[in-house]
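All of the numbers you see were taken from the coordinates with simple rules; none came from a lab. Computed from a predicted structure; not experimentally measured. As a convention, Cβ positions derive from the backbone with ideal geometry for all residues, glycine included, and neighbour counts pool all protein chains shown.
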């Protein structure tokens, strides 16, 4: 039934302009999502505010449909003063959680549209010594809301030695600043050695060193996607040149379901628990005020919230509390990384 209906996946890309976000997205999914976009000059970019744009592309392979939504953040990090430039991104993620929470609490729960952000590719500049303050601030502000997968942009501007040094430096700083990036699930003990090795290589690839290109060039008699330089050709899909293939396989094939599971079971549940607590406090506060009003005979001005009666609110809170308790009492079934591989979505792009 799920295969017939298809799957939804929402991917956010964030990072300053000029790091190849649009090119990489087009390379990953063989699309041209930004053909109508107007390119801004330097003066326009530094005055532009951060906005959120969405693009949807449908992918189908062997009868399995994937509705992919790309969420872009043009204007991020381009201003002279980038204080809290991540706030509009965080607000957007919260808005999707809020909409899902409302739909989930409504009467028609069968056809809920899931627009929650399942993964955020954060682009790190190759021109520096590790993470910048803005990188740290952004990831720390969002790591409790979304699965962050850091990528090292424009890896073809670095030598292989420089790439490895920067990867080690960035991983050390991520740990140093307490940033919680997406954690790949551990392998089961009974997994074969080849799969364990692939999983280890995936973890050691963080941040993924990526190159994007939609240009087809000729290399050793074969036509490949890549970039032609005076000293040679950089192939996008050559694992010896970059981590493009690893990133694509991780996103679309092996770890898509785990990214969705972590979004649902961790990030969304945290948001939902906060909502329930907030609603509970609102009801208690309103009861106390009503009690004081009855006892003193004085009318206190009570701030009006959404048009929901107290009985409906209490009923909703009780239902949500029961759901949370039910989830806590469920026996936990441990599924290793092999689960994602066995039930992967085999989209060949």
In percent, what relative contact order does the range 176-257 have, based on Cα pairs under 8 Å that are 6 or more apart in sequence?
19 percent
I need the fraction of alpha carbon pairs in the range 105-171 separated by more than 14 Å, rounded to a whole percent.
66 percent
Ordering 123-134, 18-29 by per-residue average of other C-beta atoms within 10 angstrom, highest first, gives 18-29, 123-134
Taking R0 as 35 Å and r as the Cβ-Cβ distance between residue 105 and residue 203, the FRET efficiency 1/(1 + (r/R0)^6), rounded to the nearest 0.05, comes to 0.40
State, to one decimal in nm, how far the label point of residue 281 lies from the label point of residue 60, with both points 7 Å from Cα in the Cβ direction.
4.9 nm
What number in nm² do you get for the range 182-274 if you take the convex hull of its Cα atoms and divide its surface by four?
8.8 nm²
Along its three principal axes, how long is the range 112-260 when you only count alpha carbons? Whole Å, largest extent first please.
46, 39, 36
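Can you tell me the relative contact order of the range 139-205? Whole percent, Cα pairs under 8 Å, sequence separation 6 or more.
Details: 27 pairs, mean separation 28.6, N = 67.
For the range 139-205, the relative contact order is 43 percent.
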